[in-house]
Amino acid sequence: MKILILSTNADEAGAPRHVEAIVNGLESEFQFVLVFGEDGPVCDRLKKRGHIVHVVSEMRTAINPAKDFVALLKILKLILNYGPDIVHCHSAKAGMLGRISAFLCGRKWLYTVHGWGWRGVSIFAKILIISIEFVLSKIPNGFYIFVAQDVKNDALDVLRINVRKGVVVYNGVSPIIADFPSTGDTLNVLMPARVSSAKDHQSLICAFENINDPNMRLLLCGKDTDKQEFIEFAKALAPATNGLISFLGQRSDIHNIYSQSHIVALISNFEALPLSIIEAMSCSRSVIATDVGGIPELIVSGVNGILVRPNCVDDIVAALNNFKDERLRAKLGSQAKITYEEKFTEYSMLMSVTHTYKTLGGGLK
C-alpha cells in the first residue's frame, strides 16, 4: 500500500516528528512519499534514510489564496504521479489542501488532527476556519485520527462530525534514555517548546523570577528560544534571575536535553497531546503542565505530575517549590513512566495507525 503524507512543517515540533515516527516505524510494511511545506531537520533525516521527499514551499500556515492555489496544483500533480492509495494529512494547512486534492483525484484521505486551527486566533479567523473545516468534513472517502479525546470532542461538538468517521489514537514515542544530572544543589527546569501563541513562556519566566532561587536554573529549548527578541523579552520579565536562564534554541539531541533536566514544564495557552510531556514521562521526569486540551489525559495531578491553571503564575510557583522535594520528584516521575508504558508507547501508536491504514485502504466509506 502506498501512502502519500503531507505535513505543513518539517521542524522539531510535534506533528513532523510524529510523521517521522510513523514513516520510520512502518517503512517495511508501507511505501511512503513525503510532502512538506518547508525544509527542516525532519525532512532532512527522512531524505537521508532514503525516503521520497518533496517540498511544496507554498504549503504554509497562513491563509493565502494565491499561494494555496499554487500548492494545490503541485499536490495534485504529485498525487497523479505517485498514485497513492491514501493521502494522509498532518496539520491544518496540509489537512485542508490534502483533503481537497484527494477528493479531486478520487483518492481516500486520512487526516490526523494535532489540534484544531481555530485555537488562539481572532474571532473572524475562528469563524472562517470553522466554516472551512465544516465544509471539508463533508468530503467523502475519508477518516480522522484524533490525537486526544479532547480533540475528538471538538470535532463532535463544533463540527458535528459523525462519531464513526474518526478514532482517537494517542501520540506515542520511543522511550528516551536520559540520565539525571549529577546530584547537587542545582535544580534544572526544562521547558521544551517553540515560541508561539500556544505556549506561555511568560508565566513560567515570571514564576521563576518570583521564586528567585540561585540554585534553580531554567532551560528554554525550542524553535526561536535563542532569538534575540525572545531573549530580551525574557530578560525584561526576569531582571533578577535572567542570568540563570539558558536559551537553547531548536535542538535535535533530545536525549542530551532531557539529561540536563530534573523537572520538565510545559506551560501552555492551548494544547492537543504534546509529545514533550510523553517524552518526559518516558524518562521518569517530574512534569508540570497546564490543565488545557488533552493534557489531563496524560497527567493526573498529584499522581504522575502536577497540573496548573492557565496563566496562573502562583500555581507554577507552588508546583516548582513542591518539586524541590527529591522524594516527590522520584515518586511522581516513577508513576509517569508507568503511565507512559501503559498508554503512550510508539509501538501502540504504530499498531493503531497500521490498523487504520488497512481498514481505510480496504474500502472504508
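Nothing in this text is a laboratory measurement; each read-out follows from the coordinates by a stated rule. Because the structure is a prediction, the values reported are computed rather than measured. Reconstructed Cβ throughout: ideal geometry from the backbone, glycine too, with neighbour counts over all protein chains shown.
Using the alpha-carbon atoms, what tilt in degrees (0 to 90, nearest 10) does helix 313-322 show relative to the longest principal axis of the chain? Tilt relative to the chain: about 70 degrees. Please determine, in degrees from 0 to 90 and to the nearest 10, the orientation of helix 14-26 with respect to the longest principal axis defined by the Cα atoms of the chain, where the helix direction is its Cα long axis. With rounding to tens, the tilt is 60 degrees.
About the Cα centre, and with charges only on the beta carbon of Lys, Arg (+1) and Asp, Glu (-1), how big is the dipole of segment 187-343? Nearest 20 debye, please. Provide the component values of the computation, followed by the final result.
Working: 15 positive and 18 negative charges, 54 e Å.
Here the size comes out at about 260 debye.
A dipole drawn for segment 312-351 from +1 and -1 charges on Cβ atoms has a positive end, and of SER348, ALA318, GLN335 the residue lying farthest that way is GLN335.
Quick one: Kirkwood hydrodynamic radius for segment 120-237, alpha-carbon pairs, angstrom, one decimal? Let's see the in-between values first.
Numbers: mean 1/r = 0.0545 Å⁻¹.
This gives a value of 18.4 Å.
Along the Cα-to-C-beta direction of ASP85, a point sits 7 Å from the Cα; which residues of segment 336-365 have their amide N less than 12 Å from that point? What the label zone holds, given the 12 Å backbone N cut-off, is 354-364. Given R0 = 41 Å, the distance between the Cβ atoms of GLN149 and ALA240 translates into a calculated FRET efficiency of 0.50.
Rounded to the nearest 20 debye, the dipole size of the chain about its Cα centre is 1360 debye, using +1 on the Cβ of Lys and Arg and -1 on the Cβ of Asp and Glu. When the Cα convex hull of segment 187-343 is projected onto planes of every orientation, the mean area is 7.9 nm². Think of segment 143-229 as having a plus end and a minus end, set by charges on the Cβ of Lys, Arg, Asp and Glu; of SER203, LEU156, MET191, LEU156 sits farthest toward the positive end of this dipole. With the simple model of a label 7 Å out from the Cα in the direction of the Cβ, VAL303 to THR61 spans 3.3 nm.
Candidates HIS18, TRP109, CYS43 compared by Cα position along the dipole of segment 1-133: farthest toward the positive end lies TRP109, with charges placed on Cβ. Taking 0.36 nm per residue of separation and subtracting the current Cα-Cα distance, fully stretching the chain between LYS165 and SER182 would add 1.2 nm. Its Cα centre serving as origin, segment 76-196 has a Cβ charge dipole (Lys and Arg +1, Asp and Glu -1) of approximately 720 debye.
Here are some pairs, LYS2/LYS138; LYS165/LYS358; LYS108/LYS358; LYS47/LYS358; which of them have Cα atoms lying more than 20 Å apart in this structure?
Details: LYS2/LYS138 24 Å; LYS165/LYS358 15 Å; LYS108/LYS358 12 Å; LYS47/LYS358 25 Å.
In this structure, LYS2/LYS138; LYS47/LYS358 exceed 20 Å between Cα atoms.
Given a cut-off of under 8 Å on Cα pairs at least six residues apart, what relative contact order in percent is computed for the chain?
Details: 721 pairs, mean separation 55.0, N = 365.
Reported relative contact order: 15 percent.
A straight Cα-to-Cα reach below 13 Å connects LYS324 with the aspartates and glutamates ASP185, ASP213, residues fewer than 8 places away in its own chain not being considered. Annotation for segment 145-191 versus segment 293-365: alpha-carbon center distance of 6 Å. Size descriptors for the chain (Cα atoms only): Rg and Dmax, in that order, 20.6, 62 Å. In summary, the aspartates and glutamates within cross-link reach of LYS74, defined as a Cα separation below 13 angstrom excluding same-chain residues under 8 places away, comprise GLU58.
With each run of n ≥ 4 DSSP H residues scored as -39500 (n - 2.57), what mean residue ellipticity at 222 nm is computed for the chain after dividing by its residue count and rounding to the nearest 500 deg cm²/dmol? Please report the intermediate quantities before stating the final value.
On the way: 13 runs with 154 residues, N = 365.
Taking each H run of at least 4 residues, the total per residue is -13000 deg cm²/dmol.
Most tightly packed first, judged by the mean number of other beta-carbon atoms within 10 Å of their residues, the peptides 137-144, 161-168 read 137-144, 161-168.
Remind me, relative contact order of segment 187-343 in percent, using alpha carbon pairs under 8 angstrom and six or more residues apart?
On the way: 302 pairs, mean separation 38.3, N = 157.
Dividing the mean separation by the residue count of segment 187-343 yields 24 percent.
Using only the alpha-carbon atoms, how far is helix 228-237 inclined from the longest principal axis of the chain? Give it as 0 to 90 degrees, nearest 10. That helix lies at roughly 40 degrees to the long axis.
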